[in-house]
Amino acid sequence: MPKLGARDDCLQREQLPLWFDAVRTLADPAKAAYLQGLQLTGARREELARLHWDDVEFQWGALTIRDKVEGERVIPLTPYLATLLDALPRRNDWVFSSPTSKTGRMGGANQAHTKALRAAGLPHITLHGLRRSFGTLSEWVECPVGVVAQIQGHKPSAIAEKHYRRRPLDLLRKWLTKIEGWMLDEAGIPQPEPGAGRLRVAK
């Protein structure tokens, strides 16, 4: 049997307005916030889906991600994503909760994403494709590759990265906020006001 080729589905810069518009108008706010969170952080789908409220630090602007590679990693909570999370109901410990699910957390968002893509007239993109989109689109702001890798939880690929580079949260925040701001600008979405979403960390 021939080997399956690597997937290369990825949002393009010019598709961001249509994608964000369709996702933001989904009926389920948890799924809308979750999908945008995937695009804005480059997290793996289960890493973000399993986010607890205890993992969200609004005061210091941080998210603790349960990482399948390192165990866990801490990434910045950016202004727009903070507003999305702060607007979600606190039904239980899950950030992306569901009142009808037996587990208490949101089920899969594949169908909601497919619906949004069809409404926007965009080609099919997997949830992992959003992770790929984040890594690809971050090049538009000339973000260092090592910063993107640390935010996404990739294993360091070079000796210097593996043994000597461990960037502090504030340095990651500088770049992740820049990436988020660029995506919002491309999508035509206004930037949040300072302090929105209970986020107290200055840009």
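Some notes on this structure:
- Two-site label geometry, THR83 and TRP140: point separation in nm, points 7 Å out along Cα→Cβ: 1.8
- Among residues other than LYS115 with Cβ under 15 Å from its Cβ, the summed charge is +1 (Lys and Arg +1, Asp and Glu -1).
- For region 13-198, the number of Lys pairs separated by eight or more positions or lying on different chains, with C-alpha atoms closer than 19 Å, is 4.
- Point-to-point label distance, LYS115-THR100, nm (Cα→Cβ direction, 7 Å offset): 0.9
- R0 of 35 Å, Cβ-Cβ distance ASN92-ASP185: FRET efficiency to nearest 0.05: 0.50
- Between the beta carbons of ASP9 and GLU72, assuming R0 = 35 Å, the FRET efficiency works out to 0.80 to the nearest 0.05.
Each value in this text was obtained by applying a stated rule to the coordinates, not by laboratory testing. Owing to the predicted nature of the structure, the values given are computational and were not obtained by experimental measurement. With ideal geometry, Cβ positions are generated from the backbone for all residues, glycine too; neighbour counts draw on all protein chains shown.
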